[in-house]
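The values are calculated or read from the model by the stated rules, or taken from the named source; none is laboratory data. Keep in mind the model is a prediction, meaning the values are calculated, not measured. FYI the Cβ positions are ideal-geometry reconstructions off the backbone, even for glycines, and counts take in every protein chain you see. Side chains included, ligands, DNA and RNA excluded: accessible areas come from the protein's heavy atoms. Shrake-Rupley method; radii C 1.70, N 1.55, O 1.52, S 1.80 Å.
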Amino acid sequence: MVYKREIMVGGGCGGDGCVSFRKEKYVPFGGPDGGDGGVGGNVVIVTSHNIADLSLLGRKKEFVAENGRRGGSGRKSGKRGEDLAISVPVSTMVFTKADSGEEILLADLRTPGQKVLVAEGGRGGLGNARFATAVNQAPEIASKGAPGKERHIILEVKLITDICIVGHPNSGKSTLLSAISRAKPEIADYPFTTRQPILGVMPDDRRDFIVAEIPGLVEGAHLGKGLGNEFLRHAERTKLLIYLLDGSSPTIIDDLSTLDKEIALYKGLSQKPKIVAVNKIDLPEVQARLPEVKQGFAPILSRLGVPVFYISAVSGQAVLELTRKAMEMVDQASQDEEIVSQAQITVFRPKPRK
Ligand SMILES: Nc1nc2c(ncn2[C@@H]2O[C@H](COP(=O)(O)OP(=O)(O)OP(=O)(O)O)[C@@H](O)[C@H]2O)c(=O)[nH]1
Ligand SMILES: [Mg+2]
């Protein structure tokens, strides 16, 4: 899966204007009739819900739209160049890279069929008919088509979700996702069954909540261990993280610490609201060691200040309580975001003139 690509985009060149004179029988001094060149095609980026990543772009680095055609005699304008549409998944962010290296957000594409123009085609040149004046009635000049705009573009797909389930491989992320949403991910007792983020919709009376399973993280994921931590880019725009732990893991206390460390090492995730969920409590051996686990967790949980749930994704035990709390925290996070975004709006008030 490809979630980030840097490409060059270029609008098509405008077609040249044409130099031509009207030549008809019995019409002396027919005058200039060279038409304008066609405008070059634009490069647009358009979202499609049928695409999951950027692999369709292949290895191609440059995307240039068609040139406009030259103008013709008889004041015929040249054909305009076709636009070049680059299809990307919904939730793609489009940045342009300035010469200074700074990345500037051009568009955050969130709905299917959304379009953004990233490189305009060049204007067509003027034909000689346009240059005729009272003193020069037979101009032999036409202008050249302008080159299209060029831009360095960065495309980055970052899922927009309410909740992301993160955890070690085999902790039961897919099982929980299938229990709380309509998604049907593959479930198996070997690690890294899920190798790409999976989205599910959790229906509620008020609205649907979007939940994602992020592929398993292991200690050292930020150094590339396991599947690495690249997938965490999809958690950047979530409102809540669920840390899902395997209750049957002999190292469950360390598992929580290493998971939190990996999350904290990824930019922007340390401040996200979180819930810890210990899974597989239907297993008798997990039940038996629950008091010991709760005791071991106490110092870490008080440091993190997050709620904890002891659940079974298979039997459904305490899953409803977990989802209720998750929805409540997502709503709270949405309200907080709104307050922050309103606070960021600068209001200019006119002052009386002195
Ligand atoms: N007993 C019990 N087994 C569970 C529970 N949840 C998941 N499992 C089992 O744990 C194994 C792993 O489950 P998955 O849902 O595939 O785990 P995952 O976290 O998605 O794993 P990866 O995608 O490989 O990272 C499967 O054999 C599940 O049947 C649970 O609540 N109780
Ligand atoms: Mg899975």
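Straight Cα distances below 13 angstrom link K158 to the aspartates and glutamates D53, D108, E230, E236, with same-chain residues fewer than 8 positions distant left out. In this calculation the C-beta distance from F192 to E150 is compared with R0 = 45 Å, giving a FRET efficiency of 0.65. When restricted to Cα atoms, the stretch 196-354 yields an Rg and a Dmax of 19.1, 80 Å, respectively. Short-range pairs are left out: with C-alpha atoms under 8 Å and at least six residues apart, the relative contact order of the chain is 15 percent. Along its principal axes, the stretch 96-204 has C-alpha extents of 86, 34, 23 angstrom, given from the largest down. Taking only the alpha carbons of the stretch 207-266, we obtain Rg and Dmax values of 12.2, 39 Å in that order.
Taken over the stretch 140-255, the percentage of Cα pairs per 5 Å bin, counting from 0 up to the bin with the maximum distance, is 2, 10, 18, 20, 16, 9, 5, 4, 3, 3, 3, 2, 2, 2, 1, 0, 0, 0. Springs join every pair of Cα atoms under 10 Å in this Gaussian network model of the chain, and among V90, V135, V46 the largest mean-square fluctuation is at V135.
Looking at the calculated P(r) for the chain, what percent of the C-alpha pair distances fall above 32 Å? Show your work: numbers first, answer last.
Details: 31375 of 62481 pairs.
Percentage above 32 Å: 50.
Toward the positive end of the charge dipole of the chain, with +1 on the Cβ of Lys and Arg and -1 on the Cβ of Asp and Glu, the farthest Cα among G200, H49, I281 is that of H49. Taking Lys and Arg as +1 and Asp and Glu as -1, the other residues whose beta-carbon sits under 10 Å from that of S171 total 0. Under a 5 Å amide H cut-off, with hydrogens placed 1.01 Å from N, I165 pairs with A212, E213, I214, I242 among residues at least 5 apart or on other chains.
Within straight cross-link reach of K294, meaning Cα distance under 28 Å, which lysines are found once same-chain residues fewer than 8 apart are removed? Output for K294: K173, K239, K261, K272, K274, K280, K325. Only protein heavy atoms count here; on that basis, with a 1.4 Å probe, R130 has an accessible area of about 150 Å².
In the P(r) worked out for the stretch 155-204, what percent of Cα pairs fall beyond 17 Å? Roughly 35 percent, once rounded to a whole number. Computed with every protein chain present, the accessible area of S91 is close to 10 Å² [probe 1.4 Å]. Restricting to bridges with both residues inside the chain, how much of the DSSP beta-bridge set is antiparallel, in percent to the nearest 5? Of the beta bridges lying entirely in the chain, close to 55 percent run antiparallel. The charge dipole of the chain, taken about its Cα centre with unit charges on the Cβ atoms of Lys, Arg (+1), Asp and Glu (-1) only, comes to about 1800 debye.
Determine the relative contact order of the stretch 205-339: mean sequence separation of Cα pairs under 8 Å and six or more apart, normalised by residue count, in whole percent.
Details: 149 pairs, mean separation 30.9, N = 135.
After rounding, I find 23 percent.
Counted over the stretch 245-314 with a bin width of 10 Å, the fraction of Cα pairs per bin, in whole percents, is 19, 53, 24, 4.
For the stretch 1-100, what Kirkwood radius comes out of the mean inverse Cα-Cα distance, in Å?
Result for the stretch 1-100 stands at 16.2 Å.
How would you rank 78-88, 167-177, highest first, on the average number of other Cβ atoms within 10 Å across their residues? Let's see the in-between values first.
Values: 78-88: 20.2, 167-177: 24.3.
In decreasing order of mean packing, 78-88, 167-177 become 167-177, 78-88.
Pairs of Cα atoms nearer than 8 Å and 6+ residues apart set the relative contact order; for the stretch 1-148 it is 36 percent.
What 222 nm value per residue comes from the helices of the chain, counting each DSSP H run with n ≥ 4 as -39,500 (n - 2.57) and dividing by all residues, nearest 500 deg cm²/dmol?
Numbers: 5 runs with 66 residues, N = 354.
The helix contribution divided over the chain gives -6000 deg cm²/dmol.
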